[in-house]
1. Provide the per-residue ³J(HN,Hα) series for the range 33-46, in order, calculated from phi with Karplus coefficients 6.51, -1.76, 1.60 and θ = phi - 60°, each as a whole number of Hz, with x at glycine and proline positions.
2. Tell me which residues come under 5 Å, amide H to amide H, from Tyr28 once H is placed; ignore anything under 5 positions away on its chain.
3. With θ set to phi - 60° and the Karplus curve 6.51 cos²θ - 1.76 cosθ + 1.60, what are the ³J(HN,Hα) couplings of the range 52-57 in order, to the nearest whole Hz, using x for Gly and Pro?
4. I'd like the trypsin sites (Lys or Arg not before Pro) in the range 25-65 restricted to DSSP loop residues with at most 11 other Cβ atoms within 10 Å, sorted by number.
5. Quick one: length gained pulling Glu45 to Glu17 fully straight, 0.36 nm per residue minus the C-alpha distance?
Amino acid sequence: MALLDRNQLVVEDFLGELVKRFGRHQVYTDGGSHYLAACKSLDLEHRVYRFGSWMHEVIERANELNVWVMKWSGDLTPMKVEEI
């Protein structure tokens, strides 16, 4: 239960920062309970995409691109990238 609460707080902080920067928008997720709880807490509309749907594919490709860009640019890297 403690891990779920911590994850929810991390998601709330992240979404809260996005709202400050870009305004309020719908939030699409894979249905993780911490996303639902965080959206409810921040009064954001939460939508779940199905695994294998076109939305799932688009989001997964965008995430892969973001990871690649962060890895190779060295900027805003959320984790330490080891030498390749």
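Throughout, read-outs are computed from the coordinates displayed, never taken from laboratory work. The structure presented is a predicted model; accordingly, all values stated were derived computationally and were not measured. Virtual Cβ from ideal backbone geometry, glycine too; neighbours counted across all protein chains shown.
1. 4, 5, 5, 4, 5, 5, 5, 4, 4, 8, 6, 10, 6, 10
2. Result for Tyr28 returns Arg47.
3. Values, residue by residue: x, 6, 4, 5, 4, 4 Hz.
4. Values: sites: Lys40, Arg47, Arg50, Arg61; in loops: Arg50.
Of the trypsin sites (Lys or Arg not before Pro), the ones in loops of the range 25-65 whose Cβ has at most 11 other Cβ atoms within 10 Å are Arg50.
5. On the way: separation 28, 0.36 × 28 = 10.08 nm, distance 1.59 nm.
Length gained, Glu45 through Glu17: 8.5 nm.
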